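*Asks:* Here it is: the structure, laid out below.
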Amino acid sequence: MAKRPNYHYRKMTARRRRLRYVSRRVLPIACLVLLGIGLHYADRAGLFGRRQEADYLRYHGKTFSVVKCIDGDTIDINIPDGDHPHTRIRLWGVDTPETVKPNHRIEHFGLEASAFTRRATYHKQVRLELLPGDTRGKYGRLLAYVYLPDGTMLNRRLIAHGRGYADPRFKHPRRREFVQEMARAKAARQGLWENPKPDDLPYYLRRH
């Protein structure tokens with residue numbers, strides 16, 4: 001008769017029992033919660049397409065009051081956005097020098113650009129124009145062409161007055177128009193084009 005193997009089992013401690021309980025019961029629940037949170041924020045970011053359509057219906061062609069100017073190319077309007085009391089707008093196709101980025105210096109002509117936007121928009125009514133299917137940037141901000149009370153577009157005015165750059169990094173219908181406007185401002189030495197040093201320019205416009 002074959003001899004049975006001699007197995008030695010260690011008695012399970014209370015700590016090991018707790019760990020086994022967590023792995024079998026609590027961990028799957030935690031994973032489901034995290035998955036739900038991830039899906040929620042993915043939906044808010046428009047990854048499932050529903051938010052893009054909702055944004056267009058809610059904001060496109062509508063007029064709102066500007067309640068805060070973050071910097072030259074970013075403003076807040078008086079309508080809630082999810083958990084936020086206001087909707088943050090990032091101007092399509094224009095990039096102004098940084099003034100509020102954490103751990104980052106105030107860039108050349110940044111304060112002037114911010115002041116320009118504040119004078120043009122603060123506590124005033126602006127009309128938004130959105131692009132269907134492309135309503136949010138990577139940080140969840142609403143992307144828009146912003147029209148001022150006199151009917152002019154803030155995005156274009158910033159570039160034309162030398163308070164911002166035509167941003168070539170993202171495609172949009174007015175990109176060529178904005179690039180041409182920037183070329184005219186540069187030729188006229190408007191604003192930030194008056195006498196910029198190479199390091200004053202954003203990386204995408206520097207000559208290598």
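The values are calculated or read from the model by the stated rules, or taken from the named source; none is laboratory data. Fair warning: this is a prediction, and the values are worked out from it, not measured in the lab. Cβ atoms come from the backbone with ideal geometry, glycine included; neighbour counts cover every protein chain shown.
*Asks:* Considering only segment 92-127, how many residues are within 23 Å of residue 168 (Cβ to Cβ) and outside any loop (DSSP other than H, G, I, E, B)?
*Replies:* Of the residues in that region, 8 qualify.
*Asks:* If you scan segment 136-188, which residues turn out to be among the hydroxyl-bearing types (Ser, Thr, Tyr) and over 19 Å from residue 99 (Cβ atoms)?
*Replies:* The answer is 145, 147, 152.
*Asks:* Tell me yes or no: at least one residue of segment 44-52 is among the aromatic types (Phe, Trp, Tyr), outside any strand (DSSP E or B) and at pLDDT 95 or above. So that I can check it myself, show each step before the final result.
*Replies:* Initial filter on segment 44-52 (among the aromatic types (Phe, Trp, Tyr)): 48.
If we keep only those that are outside any strand (DSSP E or B) as well, we get 48.
Now narrow it down to the ones that are at pLDDT 95 or above: none.
No, the conditions are met nowhere in segment 44-52.
*Asks:* Take the residues in segment 71-115 that are surrounded by 22 or more Cβ atoms within 10 Å (Cβ to Cβ) and among the hydroxyl-bearing types (Ser, Thr, Tyr), then tell me which one is farthest from residue 129 (Cα to Cα).
*Replies:* Filtering first and then ranking leaves 114.
*Asks:* Criterion first (out of contact with any Phe, Trp or Tyr (no Cβ under 7 Å at 6 or more places or on another chain) and not acidic (Asp, Glu)) does residue 156 satisfy it? Talk me through it step by step, then tell me what you get.
*Replies:* On the way: out of contact with any Phe, Trp or Tyr (no Cβ under 7 Å at 6 or more places or on another chain): no; not acidic (Asp, Glu): yes.
The answer is no for residue 156.
*Asks:* I'd like the full set of residues that are modelled with pLDDT of 95 or more and of a type in the set (Phe, Trp, Tyr), limited to segment 92-131.
*Replies:* If the condition is that a residue be modelled with pLDDT of 95 or more and of a type in the set (Phe, Trp, Tyr), then 92, 116, 122 are the ones that fit.
*Asks:* For segment 127-175, what are the residues that are farther than 23 Å from residue 204 by Cβ and aromatic (Phe, Trp, Tyr)?
*Replies:* Selection gives 147 alone.
*Asks:* Based on what the data block shows, is residue 178 outside any loop (DSSP other than H, G, I, E, B), within 30 Å of residue 197 (Cα to Cα), of a type in the set (Phe, Trp, Tyr) and in contact (Cβ under 8 Å) with a residue 60 or more places away in the chain?
*Replies:* Judged against the criteria, residue 178 is a match.
*Asks:* Test residue 101 against the stated conditions and say whether it is closer than 17 Å to residue 74 by Cβ and in contact with a Pro (Cβ under 9 Å, 6 or more places away or on another chain).
*Replies:* Judged against the criteria, residue 101 is not a match.
*Asks:* Pick from 196, 149, 132: which is more than 25 Å from residue 65 (Cα to Cα), surrounded by fewer than 17 Cβ atoms within 10 Å (Cβ to Cβ) and of a type outside the set (Phe, Trp, Tyr)?
*Replies:* Only one candidate passes the filter, namely 196.
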